[in-house]
Amino acid sequence: MKYIVACILTLSLTACGYHLRGESEVPEVMRHIYLQAASPQLHNGFKETLRISGGSLIEAPEANGAIVNVLNERFDRRSISLSDTGKTNEYQLFYVLEFEVLGAEKQVFMPRQTVQVSRDFFNNQQDIIGKNNEESLIREEMYRQAVRSVMDRGRAVLNQAQKK
C-alpha cells in the first residue's frame, strides 16, 4: 500500500509541472553567458546554476551568448537584536546586485535592473565557529537566489517579447 501511495504522489507531482529547485529552463539567448565584472561568489553561483540547467558560463563574449554586465554588487550585514551584554543575537544579511544583460550584438536585452536578497539568522554566542560556517552557507544561497532571479527575469522578458 505504501508503494502505491508513493507512486501516486510521484506521478501527481510530475503531472503538475513540479521540478527540483535549480532545474529551470534557461532561455536559449541566456544558455551561454559571459559574466562581466562579477565577484568570485557570483561567478560560482552562475556557473553552478547554468551547469544544472544545461547552459555554460563562457570565458569570452561570443556572438551566440548573452553578456551579463554587473554594474554594482554589495553585501551588507547589520545587527537586528542585541543581548543584555551588548553582543549581537541576530543579524540581517543584505545582497544587492545591479546588472544589465546585453545580447549578441551588444544591444541591450534587459536594461539596468536591481535584485535585492535579504536573510535573517540567529547568532548563538556559544557556537561562534559554527555560526561563521552558517553565515557563509547563507551567503552562498543568497548568491544562488540572485542568479535565479536574473534568469527568471530573462525568461519573463523573452516571454513578453514573444507575445508581441
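Annotations
- Of the residues examined, Lys106 is not one that is at pLDDT below 85 and farther than 14 Å from Tyr34 by Cβ.
- Exclusive hit being hydrophobic (A, V, I, L, M, F, W, C) and under 13 Å from Met151 (Cα atoms), set Leu93, Leu82, Leu71, Leu50: Leu50
- Hey, Glu62 at pLDDT below 80, surrounded by 11 or more Cβ atoms within 10 Å (Cβ to Cβ) and either farther than 18 Å from Arg155 by Cβ or within 16 Å of the chain's Cα centre (by Cα) (or both) or not: yes
- Arg21 passes every criterion in (1) modelled with pLDDT of 85 or more; (2) over 16 Å from Val101 (Cα atoms); (3) surrounded by fewer than 16 Cβ atoms within 10 Å (Cβ to Cβ) apart from (1).
- Entry remark, region 37-55: residues being outside any helix (DSSP H, G or I) and under 23 Å from Ala161 (Cβ atoms) number 2 in total.
- Pairs with Cβ under 8 Å, 6+ apart, first in region 74-92 and in contact (Cβ under 8 Å) with a residue 40 or more places away in the chain and among the β-branched types (Val, Ile, Thr), second exposed (fewer than 12 other Cβ atoms within 10 Å of the Cβ) and part of a strand (DSSP E or B): Ile80/Asp120
- For region 47-69, taking the residues that are in contact with a strand residue (DSSP E or B) (Cβ under 7 Å, 6 or more places away or on another chain) and among the polar types (S, T, N, Q), the one that is farthest from Leu102 (Cα to Cα) is identified as Ser56.
The values are calculated or read from the model by the stated rules, or taken from the named source; none is laboratory data. Source: prediction; values computed, not measured. We place every Cβ from the backbone using ideal geometry, glycine too, and count neighbours over all the protein chains shown.
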